[in-house]
1. Nearest 0.05, what FRET efficiency do Leu20 and Met196 give at R0 = 22 Å with Cβ-Cβ as r?
2. In nanometres, what is the gap between the two model label sites at Glu72 and Thr137, each 7 Å from Cα along Cα-to-Cβ?
3. For the stretch 40-168, just list the percent of Cα-Cα distances falling in each 10 Å bin from zero outward, please.
4. Grab the beta carbon distance between Leu54 and Ile159, set R0 = 25 Å, and tell me the FRET efficiency rounded to 0.05.
5. Looking at the stretch 136-192, which trypsin sites (Lys or Arg not before Pro) are DSSP coil and have at most 14 other C-beta atoms within 10 Å of their C-beta?
6. Of Val45, Val150, how do they rank once you tally other Cβ atoms within 10 Å and put the fewest first?
7. Report the gain in length on full extension from Glu103 to Gln47: 0.36 nm times residue separation, minus Cα-Cα distance, nm rounded to one decimal.
8. Ranking Trp69, Trp162, Trp125 by Cβ neighbours within 10 Å, fewest first, what do you get?
Amino acid sequence: MADAPASTSKLPRTWLPALLISLLVSGFCAAALYLMLAEHDRALVAQRNATAILTAERSAHATARTLAWFIESLGGDSLAAIQQTLEQHAPQANLLSSAVITEDNVVVAAGNPAAIGTQLHDAAWMNARKSQSSIITSGMEKGRPAVIVVEPIRRDNRIAGWVRLAVATPPDAAAPRSEDDLALDVALVIVPLLLMMVTLLLLTMGGLMSRVRKLLGRIVIEAREQVPQPLDAGIDTPSHGGIA
């Protein structure tokens with residue numbers, strides 16, 4: 001019995017491997033892109049928030065320095081003018097506290113008049129006294145994160161007192177994108193990539209499978225031609241007579 005010819009219809013369909021390969025590659029690219037975008041968002045948000053805090057620190061330092069210069073220009077008996085200035089600036093939303101402190105650690109003027117006459121035991125203030133220079137640091141003021149600035153007041157080439165300002169730390173200037181937003185951005189890139197890959201793989205694998213079919217067809221034909229043909233069963237054989 002002759003062998004049945006190989007059916008080319010049993011060859012795997014080209015769209016299935018093309019789709020699987022495209023899905024695997026696109027999934028890997030989507031995961032890598034998602035992680036890259038998330039990391040970029042975190043770095044960008046951290047940079048913007050750090051810039052906002054740095055701006056607040058510079059602004060608070062400039063205000064403290066200006067106030068120190070103003071006090072230095074007033075001369076000796078100027079507490080009333082200093083107190084008036086601090087009370088005028090006290091209502092500012094981001095200004096948590098302001099005070100002028102003597103070298104004896106006594107508050108002589110403050111945005112909150114109730115603080116006058118009290119002593120200050122603050123880490124930033126103590127560090128400024130030790131270093132004899134201005135200090136900018138982070139801390140807590142009235143239960144809120146704050147930028148604390150301590151600036152020396154100089155008279156006759158010596159430190160006569162200190163200006164202390166506490167400014168509220170600015171809220172986060174930016175926040176990372178949500179997971180849904182990141183996924184949408186990834187999809188906008190990956191979906192066209194997936195479609196393009198499927199199309200290219202279908203074209204490539206379709207041509208490859210067509211050549212494979214032609215090759216198998218030639219092999220089948222050559223195999224048929226090389227099969228030996230059976231002898232004709234109708235040929236008579238001569239009979240041999242006996243010897244007389």
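1. On the way: r = 16 Å, r/R0 = 0.73.
Efficiency computed from Cβ-Cβ geometry: 0.85.
2. For Glu72 paired with Thr137, the spin-label model returns 2.3 nm.
3. Values per bin, smallest distances first: 13, 45, 30, 9, 3, 0.
4. Values: r = 27 Å, r/R0 = 1.06.
The pair Leu54/Ile159 has a calculated efficiency of 0.40.
5. On the way: sites: Lys142, Arg154, Arg155, Arg158, Arg164, Arg177; in loops: Lys142, Arg177.
Answer by residue number: Lys142.
6. Numbers: Val45 16, Val150 27.
Arranged by neighbour count, lowest to highest, Val45, Val150 become Val45, Val150.
7. Working: separation 56, 0.36 × 56 = 20.16 nm, distance 3.82 nm.
Difference between extended and current length: 16.3 nm.
8. On the way: Trp69 14, Trp162 23, Trp125 18.
Result, fewest neighbours first: Trp69, Trp125, Trp162.
Bear in mind that the values in this text are calculations on the coordinates, not laboratory data. All of these numbers come straight from a predicted model, not from anything done at the bench. All Cβ positions, even for glycine, are placed from backbone atoms using ideal geometry, and neighbour counts span all protein chains on display.
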